[in-house]
Amino acid sequence: MDVRYLKGVGEKRAAQLARLGIRTVEELLGFYPRDYNDYSKPYAVAAAPFDVKCVVRAEVYEKGGMARLPGGRQMLRVAAGDDTASLTLTYFNNPYAPKKLEIGRTYLFFGKVGGVLAAREMVNPEMLTEAAAAATPLVPVYPLTEGVSSAYLAKCMRTALAAAPVIDEPLPEALLQKYRLCGKAEALQKIHFPQDAGDIHAARRRLIFEELLALQLGLLLLRGREAARTGAPMRPVSLEPFWAALPFAPTNAQRRAAGELLGDLTKKTPMNRLLQGDVGSGKTLVAAAGVYAAAQNGYQSVLMAPTEILAAQHAETLERLLAPLGVRTALLTGSVKGRAKKELLRAVESGEAQLVIGTHAVLGEGVRFARLGFAVTDEQHRFGVRQRGQLAAKADHPHLLVMSATPIPRTLGLLMFGDLDISVLDELPPGRTPVKTYAVTGKKRADLYGFLRRQIAAGRQAYLVCPVIDEGESDMLAVTTYYSDVAQPLLAGCRVGLMHGRLKAAEKAAVMDDFKAGRLDALVSTTVIEVGVDVPNASCIVIENAERYGLSALHQLRGRVGRGGGEAYCVLVSDHVTDAVKKRLSFLCHTNDGFAIAKFDLETRGPGDFFGSRQHGLPTLRIADLAADSRVLYAAQQEALALIRDDPALRAPEHAGLRELAEGLFDGETALN
Ligand code: ADP
Ligand code: MG
C-alpha cells in the first residue's frame, strides 16, 4: 500500500518520506530506528547530570509569556521542578510544545541540562506524559531527513502497525522454530516500540536473520548455479608441457594452485575458486595453466580484466605463453570495432578462438561462445556480483576462477562468492627484493626529483601517480597540472608521458606501449595503472596525496615496481599528515606483506570502506552489520543453500515472501562503470 493513503500522510508528507526511500507502508515499517531514548529511569532534577542527554521528571509550575528576541526569534520560558531543585524549560521558535503542557502536571523531559546548580535549564526538550512513558518507555529515534521528525515517523509507524491488516510472514515456520525467531509482525512492533532491551534484542535478531537470508538468497538467485552439474566436464591433463614451455621455473605455490585448479576442472560440479596472491606473485600464470588444460579438453576460456590497459597486457603475456602450445587467443575490448570485431566474434562463435581476453566487453550480447568451459575474472573486487553472474551465464555452468591481490575478509568473501574454495600464492618468484618505501612531505619534492633523475640516468623508469584528472578538489594535484607544472620542469630533458582515464583507448594504448618499450622515462598517471600493469624496468613510483588511498590500494600501486630485479622504490608524498595518516603510511613503509596490510586497513578503516563503498556491488543493509553479525551470516548462508537446493528459483508458494525480499534487495544494484 502506498504511504500516501496512510492516515496523517498527505502528498507533501509522502514526498518527504520518499526522500528517505519510503514509498509503501512496507518500506515505512522497514525503516528501523537507529537508536532509542530511554524514559524508563528518569532522574530527579537535582540528580540529573549536566550537559549529557538524559530524561528528567518534573512538574510544571508556571508558563511565561512569549518574548520576541532580536532577529525575530521567539522565546518562551516554563518554570518546572520537583522537591530536589527547580528547572527552567526554554523553548525557542517552538510555540506548540509548551502549549501542550498543563500546569500542576508531571512530565518526563528529554534533553541536556545546562545552566548552573542554582539555575538549571533545558532548551527545547522532548516530552512525554507519565502515562505515555509507561506505555512506550523506549522512544525510537530515526535517521532523518529535513522536515521529517522522529516523533512524526513514530506516529506513522503506530498508524501503520495498527492499520496493516496482516503482516505477511516471509520466513518459513521451520526456520522460525529452528532459530527461535519471533514472527515478522511481532518483530516490527518490537523494533519500533520496544518495552525493554529484551524486545529490541529479539526484534533485531529476527530482522538481521531475515535480511542476511534475503541477501544470500538474492546472491544465489543471481548466480543461479548452486549444486548444479557443470556443462564442461574435463579429463585430467598433464601440465608438464605447459611448465616446460615457460621461460622460468614456476614457484611451488604456482604448481600447487594449478594442481588445485586441475582437480576442480575434472569434478562434476563447476569450479568456484578464488586465487589469492600478493601483487607480483604470478597469478596470471596459474590462470594460463587452467586455460591450457581447458584447451586440451576442447573447451574455450575467457579472461575478464577491469581495464583496457590490463586486458591488453594480459593478451600480450598470455599469447606469448600459450601460442607456442597451440592455443589461439583473441583480445576483445570496447575499442575493437567494425570489421575486426565482426571477425573476432565469428572466431569466438566458431570455437576458433580458444581464449578470449577482454574488458567487460566480453559480457556483450553479441559474444557467443561455441564451448566455453573456463571463465576467469582478474582483480575481481573491481566487478559487481551481477557481472560475474553474466559471465557464468555465457555457458552451461562453466568453471569459475576469480583472482585477487586484495585479501578478502572471510565474511565479505562469503557474501560475494558464496561457498568458494581458496588457493593462495604465498610465495613470490625468486629475485624479488622488497620495494623500499618512504613517506615524505611536499617540501622534499626537489630532492625526490633529483633522485628520480639519477634513476632515469641509470636507465630505469618511474611512475608518478596523482589522484584526479581535473582541478576539481582544491588542494589535490590534478594529473594534467602536475604533468605540466611539476613533472615536466623538474624532469627537464627526460621523456615524460601522461596517462589518465579520459584518454581514448587508442591513446592510452600508445602511451603504455611507449612506456613499456622505454620510449618514455617517466609516466604521470592517475590510478588507472593501479591494477596489474607490468613493466619490469620501472624502478620507482611516486604517489602524491598518498593519504587519499587505502593501504591495500597503495600496496597495489607499489607492486607496479620491483618486478624486474634490482632495487625498487616507492615514495608516498603527503602534506596532510595527521597522526592517523602518519601511522598508516608508516605501517606501509615497514611492511611488504599484503595480508597484514589488508588486515590493518580493515581494522583502521572498517569493512564499509574496504573496497570503496560501491565496488563490490552489494546492496545497502538496513540492520545487519557484516562484521558484527558474521555468525548469523554463516547460518543464513547454510539455510539459503538448503532452500535453493529444494526450490532453485523459489517458485513454491510458501517461498513467495522470501523471493520478493531477495529480489527487492538487488533492485537497486547497478553494474559498475
Ligand atoms: P600478479 O599476481 O600480480 O598478477 P603477474 O601474474 O602479473 O602477478 O606476474 C608478475 C610478474 O612475474 C610477471 O612479469 C610474470 O611474468 C612474472 N612471473 C610469474 N611467475 C614467475 C616465476 N615463477 N618466475 C619468474 N617470474 C615469474
Ligand atoms: Mg595480476
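Using the crude model of +1 on Lys and Arg Cβ and -1 on Asp and Glu Cβ, and no other charge, please compute the dipole size for segment 436-591 relative to its Cα centre, in debye to 20. Once rounded to the nearest 20, the dipole reads 520 debye. In terms of distances greater than 26 angstrom between alpha carbons, the cross-link table entries 337/394; 100/184; 100/155; 7/63 yield 100/184; 7/63. What is the sum of charges, Lys and Arg at +1 and Asp and Glu at -1, for the other residues whose Cβ falls under 14 Å from the Cβ of residue 5? Charge balance in the 14 Å sphere: 0. The residue list 644, 393, 111 was ranked by how far each Cα lies along the charge dipole of the chain toward its positive end, using unit charges on Cβ atoms, and 393 comes out on top.
Is the C-alpha gyration tensor of segment 436-591 telling us rounded, prolate or oblate? Criteria: a/c under 1.5 is rounded; beyond that, a/b larger than b/c is prolate, otherwise oblate. Here segment 436-591 falls in the rounded category. Among residues other than residue 64 with Cβ under 14 Å from its Cβ, the summed charge is +2 (Lys and Arg +1, Asp and Glu -1).
For the pair residue 509 and residue 197, the difference between a 0.36 nm per residue extended length and the Cα-Cα distance amounts to 106.3 nm. When every Cα-Cα distance of segment 240-425 is counted in 5 angstrom steps from zero, the calculated P(r) takes the values 1, 8, 19, 22, 23, 16, 8, 3, 0, 0 percent.
If a/c stays under 1.5 just call it rounded; otherwise compare a/b with b/c (prolate if a/b is bigger, oblate if not). Do that for segment 499-575, with a ≥ b ≥ c from the square roots of the Cα gyration tensor eigenvalues.
Note, shape of segment 499-575 comes out oblate.
Shown is the FRET efficiency for residue 396 and residue 642, computed with R0 = 22 Å from the Cβ-Cβ distance and rounded to the nearest 0.05: 0.40. Taking every DSSP beta bridge that has both ends in the chain, the antiparallel portion is near 40%.
Note on residue 422 and residue 599: their simple-model spin labels are 1.2 nm apart, each label 7 Å out from Cα toward Cβ. Taking Lys and Arg as +1 and Asp and Glu as -1, the other residues whose beta-carbon sits under 11 Å from that of residue 234 total +2. Residues in segment 436-591 average 41 Å² of solvent-accessible surface per residue, probe 1.4 Å, ligands and nucleic acids excluded. Only helices enter the 222 nm calculation for the chain: every DSSP H run of n ≥ 4 contributes -39,500 (n - 2.57), and dividing by all residues gives -11000 deg cm²/dmol, rounded to 500. Here the accessible area of the chain is 52 percent carbon and sulfur, with a 1.4 angstrom probe and all protein chains present.
Extension gain for residue 447-residue 249 works out to 67.3 nm (0.36 nm per residue, less the C-alpha to C-alpha distance). Here segment 130-249 is described by how far its Cα atoms reach on the three principal axes: 84, 37, 24 Å, from widest to narrowest. If you plug the beta carbon distance of residue 162 and residue 591 into 1/(1 + (r/R0)^6) with R0 = 60 Å, you get a FRET efficiency near 0.55.
Can you tell me the FRET efficiency between residue 105 and residue 20 if r is taken as the Cβ-Cβ distance and R0 is 45 Å, rounded to the nearest 0.05? According to the calculation, E is roughly 0.85.
Each of the peptides 56-63, 29-36 was scored by the mean count of other Cβ atoms within 10 Å over its residues; in descending order, highest first, they stand as 56-63, 29-36. Counting 0.36 nm for each residue step from residue 337 to residue 537 and taking away their Cα separation leaves a gain of 68.8 nm. The equivalent ellipsoid that matches the C-alpha gyration tensor of segment 121-169 spans semi-axes of 25, 16, 8 angstrom, in descending order.
I want to verify the translational diffusion coefficient of the chain in µm²/s; compute it with Stokes-Einstein, Rh as the Kirkwood radius over Cα pairs, at 37 °C and 0.692 mPa s. Roughly 113 µm²/s, to the nearest whole number. Taking only the alpha carbons of segment 46-135, we obtain Rg and Dmax values of 12.7, 41 Å in that order. Helix 594-605 versus the longest principal axis of the chain: what is the Cα-based angle in degrees, 0 to 90, to the nearest 10? With rounding to tens, the tilt is 20 degrees.
The values are calculated or read from the model by the stated rules, or taken from the named source; none is laboratory data. Nothing here was measured: the structure is a model prediction, and the numbers come from that model. As a convention, Cβ positions derive from the backbone with ideal geometry for all residues, glycine included, and neighbour counts pool all protein chains shown. In case anyone asks, the SASA skips ligands and DNA or RNA and just uses the protein heavy atoms, side chains included. Shrake-Rupley method; radii C 1.70, N 1.55, O 1.52, S 1.80 Å.
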